[in-house]
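*Asks:* Please find one structure pasted underneath; my questions will follow.
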Amino acid sequence: MSFFKKIFSSEKKETLDKGLEKSKSSFFNKLNKAVAGKSKVDDDVLDNLEEILVTSDVGVNTTLKVIERIEERVSKDKYIGTSELNQILREEIAALLSETKSGEDTEYTIPELPKQADGSKTPYVLMVVGVNGVGKTTTIGKLAYQFKKQGLKVVLGAADTFRAAAIDQLQVWADRVDVPMIRQDMGSDPASVAFDALQSGVNQNADVIIIDTAGRLHNKVNLMNELTKVKRVMQKVIDDAPHDVLLVLDGSTGQNAFEQAKQFTAATEVTSLAVTKLDGTAKGGVVIGISDQFQIPVKYIGVGEGLEDLQVFNKYEFVDSFFK
């Protein structure tokens, strides 16, 4: 089973390797202890491996699936040396993630959309959700940078009107990346900002419109109502907007990221995920668990501070870097 062919450029791969360094070394330190003095993969090793995967934030359900797959191989081959365990882990986790039909991108792309009724092009509308502090604004800024680098015209909409800082932070990114941003005062109706941003985007012949939204989860009903209203108002300008609802999760919070994903997917329809801050943590395994458990595509991962350090998520490259 060779899943691992060279997909990323060496520069991109190096960034990914570096971003997952803490997760990888923490995982291998535990794994080396678990197999010390053992030459073959037996029940003891598998029990230890189960514990290591769970404590690496892969999540219980995904861990059980991985262990089951390895047990099957062990019972078939009878003798599998501990030296082969790493390669088997890579193969089985890649195979598990292959069951989701996503995580195969290598570049930033947007789908081609049907033209508007008047024959003009339809901008791709991306609505970004997530609690405060997960790196939402930074993710939007880096996405704007990447899309612009692809030659696309980008407009930002500051619909997180709950915090003054949110509007100002997004403005800093808009200025840095040199893209227009539509804003109103703090406390304005978020749906009204989204409406203006879409109208402006259509008028400017934009390719991509990215809408920021408020990140509070203390009252799910309010959040649900607000996001539903924002969507409804956007559809007055573009029928099928938003084309993607991206939930940003902070990878360094491990199991808490699972919890947030649960809460948000219950409050609104989420169609893709971005997992940030993986470089500062040993909890990179959370990407494997989230990708498997939610069956919502992980589209982007944050592996550093730089503009180029928000990468499209490619499951083969990720698993290869994690278990290399």
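*Asks:* Considering only 159, 98, 302, whose Cα is most displaced toward the positive end of the charge dipole of the chain, charges sitting on Cβ of Lys, Arg (+1) and Asp, Glu (-1)?
*Replies:* Value: 159.
*Asks:* Rounded to the nearest whole Å², what accessible area per residue is found for the stretch 23-161 with the 1.4 Å probe?
*Replies:* Value returned for the stretch 23-161: 45 Å² of accessible area per residue.
*Asks:* Further question: Show me the GluC sites (Glu not before Pro) within the stretch 216-324 that DSSP assigns to loop and that have at most 13 other Cβ atoms within 10 Å of their Cβ. Provide the component values of the computation, followed by the final result.
*Replies:* Numbers: sites: 226, 259, 269, 305, 308, 317; in loops: 269, 305.
Answer in residue order: 269, 305.
*Asks:* Can you send over the solvent-accessible area of residue 322, 1.4 Å probe, protein chains only, in Å² to the nearest 10?
*Replies:* Only protein atoms counted, so the area is about 0 Å².
*Asks:* Arrange the peptides 235-243, 57-65 so that the one whose residues have, on average, the most other Cβ atoms within 10 Å appears first.
*Replies:* Packing order, densest peptide first, comes out as 57-65, 235-243.
*Asks:* Please state the relative contact order of the stretch 1-92 as a whole percent: Cα pairs under 8 Å, 6+ residues apart?
*Replies:* Value for the stretch 1-92: 33 percent.
*Asks:* While we're here: If I take every Cα pair under 8 Å that is 6 or more residues apart in the stretch 50-182, average their sequence separation and divide by the length, what percent do I get for the relative contact order? Don't skip to the end; give the middle numbers.
*Replies:* Values: 76 pairs, mean separation 18.8, N = 133.
That works out to 14 percent.
*Asks:* Follow-up question, since we're still on this one. Residue separation times 0.36 nm, minus the C-alpha to C-alpha distance between residue 95 and residue 305: what's the value? Numbers along the way, then the final one.
*Replies:* Working: separation 210, 0.36 × 210 = 75.60 nm, distance 3.05 nm.
Additional length available on full extension: 72.6 nm.
*Asks:* Among 33/324; 33/277; 76/315; 13/148, which pairs are too far apart, with a Cα-Cα distance over 20 Å?
*Replies:* From the list (33/324; 33/277; 76/315; 13/148), the Cα-Cα distance tops 20 Å for 33/277; 76/315; 13/148.
*Asks:* Now, a different point. Return a whole-number percent for the relative contact order of the chain, with Cα pairs under 8 Å and 6 or more residues apart as the contact set.
*Replies:* 26 percent
*Asks:* So what's the back-of-envelope 222 nm ellipticity for the chain, counting only DSSP H runs of four-plus at -39500 (n - 2.57) apiece and dividing by all residues, rounded to 500?
*Replies:* -15500 deg cm²/dmol
*Asks:* Taking a ≥ b ≥ c as the square roots of the Cα gyration tensor eigenvalues, with a/c under 1.5 meaning rounded and otherwise prolate when a/b beats b/c, else oblate, which class fits the stretch 86-172?
*Replies:* Oblate shape, in that a/c is at least 1.5 and b/c is the bigger or equal ratio.
*Asks:* In the stretch 1-118, carbon and sulfur make up what percent of the accessible area (probe 1.4 Å)?
*Replies:* Using a 1.4 Å probe with all protein chains present, the stretch 1-118 comes out at 48 percent carbon and sulfur.
*Asks:* Another question, if that's okay. Over the chain, what lengths in whole Å, largest first, do the semi-axes of the equivalent ellipsoid take, defined as the square roots of 5 times the eigenvalues of the alpha-carbon gyration tensor?
*Replies:* Its equivalent ellipsoid spans semi-axes of 40, 19, 17 Å.
*Asks:* According to the square roots a ≥ b ≥ c of the eigenvalues of the Cα gyration tensor, what is the shape class of the stretch 1-88, taking rounded for a/c under 1.5, prolate for a/b larger than b/c otherwise, and oblate for the remainder?
*Replies:* Working: a/c = 1.82, a/b = 1.52, b/c = 1.20.
Taking the square roots of the gyration eigenvalues as a ≥ b ≥ c, the stretch 1-88 is prolate.
*Asks:* If you don't mind, there's one more thing I want to ask. I need the shape label for the stretch 25-165. Rule: rounded when a/c is under 1.5, else prolate if a/b > b/c, else oblate, with a, b, c from the alpha carbon gyration tensor.
*Replies:* In terms of gyration-tensor shape, prolate.
*Asks:* What part of the accessible area of the stretch 133-181, given as a whole %, is carbon or sulfur when the probe is 1.4 angstrom?
*Replies:* About 50 percent, which is the carbon plus sulfur part of the accessible surface.
*Asks:* Using 0.36 nm per residue of separation minus the Cα-Cα distance, give me the extension gain between residue 84 and residue 199 in nm, one decimal.
*Replies:* 35.7 nm
*Asks:* About the Cα centre of the stretch 52-197, what is the dipole size in debye to 20, counting +1 per Lys and Arg Cβ and -1 per Asp and Glu Cβ, all else neutral?
*Replies:* Using only the charged Cβ atoms, the result is roughly 220 debye.
*Asks:* Kirkwood-based Rg over Rh for the stretch 195-324 (C-alpha set), two decimals?
*Replies:* A ratio of 1.01.
*Asks:* Order 76-87, 115-126 from most to least packed using the mean count of other Cβ atoms within 10 Å. Show your work: numbers first, answer last.
*Replies:* Numbers: 76-87: 13.3, 115-126: 15.8.
Descending mean neighbour count gives 115-126, 76-87.
*Asks:* May I pose another question? How big is the dipole moment of the chain about its Cα centre under a simple scheme where the beta carbon of each Lys and Arg is +1, that of each Asp and Glu is -1, and everything else is neutral? Debye, nearest 20, please.
*Replies:* About 180 debye.
The values are calculated or read from the model by the stated rules, or taken from the named source; none is laboratory data. Computed from a predicted structure; not experimentally measured. Here the Cβ is made from the backbone with ideal geometry for all residues, glycine too, and neighbour counts use every protein chain on show. For accessibility, only protein heavy atoms count, side chains too; no ligands or nucleic acids. Shrake-Rupley method; radii C 1.70, N 1.55, O 1.52, S 1.80 Å.
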